[in-house]
Amino acid sequence: MRMKVRADKFGKYIFLLYVFLVLSLPDGIKNMTCLYKMSTRGLPILYTYNYYFSFLEIPIILVGLYVYRASIIIRFGKIIVVVALLNIIYAVIGMEMNIVSINSYELFLLLLTGFSTASIVMWVADDLHELEKILDWFILLQFLLQIVSAISGASGADGRYAAIGMGSGATASLAAAYLLWALFCRTSKTWWPPIVYSILSIILSGSRANFLAFIFIAVVFSGRLIRRQIRQGNKRNVQLIILIGLAVLALAIYFGYQRGMSELLARFTNLFQGSFVSNVQEDASYLGRLRSFQGSMRILQRHPFGIPFSIYAIEYYSAYTFSMEYPHSTLLSYILLWSPVVAAFCVFYLVRLMTRCFKRKLDDGIYLLYYLAMIIFYGSPVLYSKAYAFTLIIISYIVVKMRFADNGEQYD
């Protein structure tokens, strides 16, 4: 697939490339160009998180906010304003820990940069087809950055390779989300190279949860293809799909075993040996998430309006309340960080959008269902601007398709 760029859009694409490259800067360069830095060093946690805000990100924020009203992105800016006001109130009333007292502004800067990136992408794209091409090339760039990271030794010390500018888990989550979107949501013909590279990216990342997510996506997509071919009476195509699907699945599982994922698959099969309920109650993953949930509820009891929108704050409270770095659930993290009311509104918005998609028979509802499940059972506070940007772009994409469906039209 070639990207044909009109002369009047060349400048926009040059700036978009600048945006993607700045978001992918290694920590060393960001440290040399930083205007602000924050570290969780000193907290009783296993991994120290370091954040650097580079002056190179300032043009992204300025342009993103400038084109916000002209772009077709969802009006997420209101949520940022509400969260900012809450944190200003915390600082004014002298809350025992607030973003001013601990000098911790990293989550606002991450969210603002990701939001601005999404605004720019939605402004550059004239239609959904162009937006789909941009996302394809964005994912290809992440795979390239993952390969560069692996070759240079920037990641992989633990056998898990990450794209430059993200962690291995975030790299895999982005690839899995792209897979689901590309296979179920896009309006134009599927371009297979980024599909293949996304699968390889998940395997290289060593993320067990996202590896299982890939298997789920593959099974559901294959089932839908087979059902469609059966309805059309194409028995030979059905056999071909099954053979290709089994071959891809076998290769993925083989490479998954090579990446050390056999332990996860064994844990999954062990649940069905003997009493399923007893096995689940004794599973380490279940116990960890239960401890995470119970600990988060204790924090929420002491802080019913939430805690400061800060990585340092959530790691501090988590470490001293339930001896973990943070809740191993993106939703739990944002109930604490955004306040229960704001988090509930965002979930309600997504559930309502998903319900409307299913009523209009749009497969985008499958993506939203997957996304909601993943933020409940998997994840952490979002620590990368690229992850914020990708999520906001996809949700905006779905909203645009929904507007066409509401008017009785189908986007072609």
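Before moving on, here are some points about what is shown:
- Separation of the stretch 94-161 and the stretch 346-412, taken as the distance between their Cα centroids, equals 19 angstrom.
- Across the stretch 282-398, C-alpha contacts under 8 Å between residues 6 or more apart give a mean separation that, scaled by the residue count, equals a relative contact order of 24 percent.
- Nearby lysines by direct alpha-carbon distance to residue 9 (threshold 27 angstrom, same-chain neighbours under 8 apart not counted): 133, 189, 386, 401
- Note on residue 129: accessible area is roughly 50 Å² with a 1.4 Å probe, heavy atoms of protein only.
- Heavy-atom accessible area ranking, 1.4 Å probe, most first, across 325, 57: 325, 57
- Cubic angstrom per residue, convex hull over Cα atoms of the stretch 50-115: 93 Å³
- Largest to smallest accessible area among 360, 69, 160, 186 [probe 1.4 Å]: 69, 360, 160, 186
- Relative contact order (percent, whole number), the stretch 328-385, Cα cutoff 8 Å, 6+ residue spacing: 52 percent
- Based on the Kirkwood approach, the hydrodynamic radius assigned to the stretch 106-188 is 14.2 Å, with every pair of different Cα atoms included.
- Each of 191, 123 has its accessible area taken with a 1.4 Å probe; listed largest first, they run 123, 191.
- Where only C-alpha atoms are counted, convex hull volume of the stretch 288-412 per residue in Å³: 101 Å³
- Solution diffusion estimate, µm²/s, Stokes-Einstein, the stretch 1-109, Kirkwood Rh from C-alpha pairs, 25 °C, viscosity 0.890 mPa s: 145 µm²/s
The values are calculated or read from the model by the stated rules, or taken from the named source; none is laboratory data. This is a predicted model, so every value here is computed, not measured. Ligands, DNA and RNA are stripped out before the accessible areas are found, and what is left, the full protein with its side chains, is counted by its heavy atoms. Shrake-Rupley method; radii C 1.70, N 1.55, O 1.52, S 1.80 Å.
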